[in-house]
Amino acid sequence: MADFGICSVPTHYTIPPAELGKWAEANGFESLWYGEHSHIPTSRKTPFPMGGELPQFYKEFFDPFIALTAAAAVTTKLKVGTSVCLVPEHNAINLAKTVACLDQVSKGRFVLGIGAGWNAEEMADHGVDIKDRWKVTREGVLAMKEIWTREVAEYHGKFVNFDPLWCWPKPVRAGGPPVLMGASSKWVPKRVVEYCDGWFPIDVGPGASEELASGIEAIRLEAAQRGRAISQFDFTVLTAFDMGAGGGLDTRIRDLLKLGFNRILLMAPVARPDQQWPVLERYAGLIRKFA
């Protein structure tokens, strides 16, 4: 049976996280996911990756960890995840504690989706050069895993460096929550297999099938070379295909499941509740076909 989740951006005018979390759990969704931008610099030198003008809501993101904590507090089974946490914008020690606390609050229901970001000015405000973002991400994740798994942790890298320390709480799950990489590039397989537990790409429709299939196969081959079983990996995909009211999404979901994805996330529009609810109700009806 496939797992389905809702992915969205919480703002001051969208459905509140606690309300959306309760609704998602009651309507058969396995998980709720929120993305992250700490802020958006006004300079706008970095072009929006999707093309065109940067949508207004990028300036309005809630902190995902606070929003997901609200959702976790009013649910019992719903998994909560970041889609994605921009690791280079965090101090690794602080982020390790935040993640562990949310995992404790949710009783082990947290999944850490990670990314390195695309906005050079946003990263610069956090003291990170965009050319170093994946190096910082790698060291941040490896350092957090040390903190999550050791009574006395230390890490010595170029970008993340600390002497022996104590840091509690530890996550509920041994080794910490699953870490899923939200990226698509030729470097993804090596990065996923080295320090992550799964892959979390974005699907833009049938034309992306070959790239998605190639990505899964490349991870499988890399895992085999490093002695990791492919069964250890989580393959989650966010599909932005068919955001309108027309048909076709059910067929696309079947295609994605055949490619090997075990979790499908459906994107809720970033809008006021009266515009979000009709789309969410349509999604709820759709996933019942796969129950």
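The values are calculated or read from the model by the stated rules, or taken from the named source; none is laboratory data. These figures come from a predicted structure and were not determined experimentally. A quick note on method: Cβ atoms are made from the backbone with ideal geometry, for glycine too, and the neighbour counts reach across all protein chains shown.
What to note about this one:
- Qualifying residue in the stretch 28-38 (condition: surrounded by 14 or more Cβ atoms within 10 Å (Cβ to Cβ), aliphatic (A, V, I, L, M) and more than 16 Å from VAL105 (Cβ to Cβ)): no
- Scan of the stretch 2-36 for residues that are assigned to a helix (DSSP H, G or I), under 21 Å from ARG288 (Cα atoms) and touching a residue at least 24 places away in the same chain (Cβ under 8 Å), ordered by number: LEU20, GLY21, LYS22, TRP23, ALA24, GLU25
- Among the residues of the stretch 57-109, those identified as of a type in the set (Val, Ile, Thr) and under 27 Å from ILE40 (Cβ atoms) are ILE66, THR69, VAL80, THR82, VAL84, VAL87, ILE93, THR98, VAL99.
- Of the criteria (1) of a type in the set (A, V, I, L, M, F, W, C); (2) touching a residue at least 60 places away in the same chain (Cβ under 8 Å); (3) closer than 24 Å to PHE233 by Cβ, which one VAL136 fails: (2)
- Output for the stretch 48-78, where each listed residue is within 13 Å of SER8 (Cβ to Cβ) and hydrophobic (A, V, I, L, M, F, W, C): PHE57, PHE61, PHE62, ALA67, LEU68, ALA71
- The set of residues in the stretch 51-76 being touching a Phe, Trp or Tyr at 6+ places or on another chain (Cβ under 7 Å) and not in a loop (DSSP other than H, G, I, E, B) consists of PRO64, ALA67, LEU68.
- Subset of the stretch 232-266 [more than 17 Å from SER209 (Cβ to Cβ) and modelled with pLDDT under 95]: GLN232, MET243, GLY244, ALA245, GLY246, GLY247
- Test: residue in the stretch 200-213 that is on the phi < 0 side of the Ramachandran plot, modelled with pLDDT of 95 or more and part of a loop (DSSP other than H, G, I, E, B): yes
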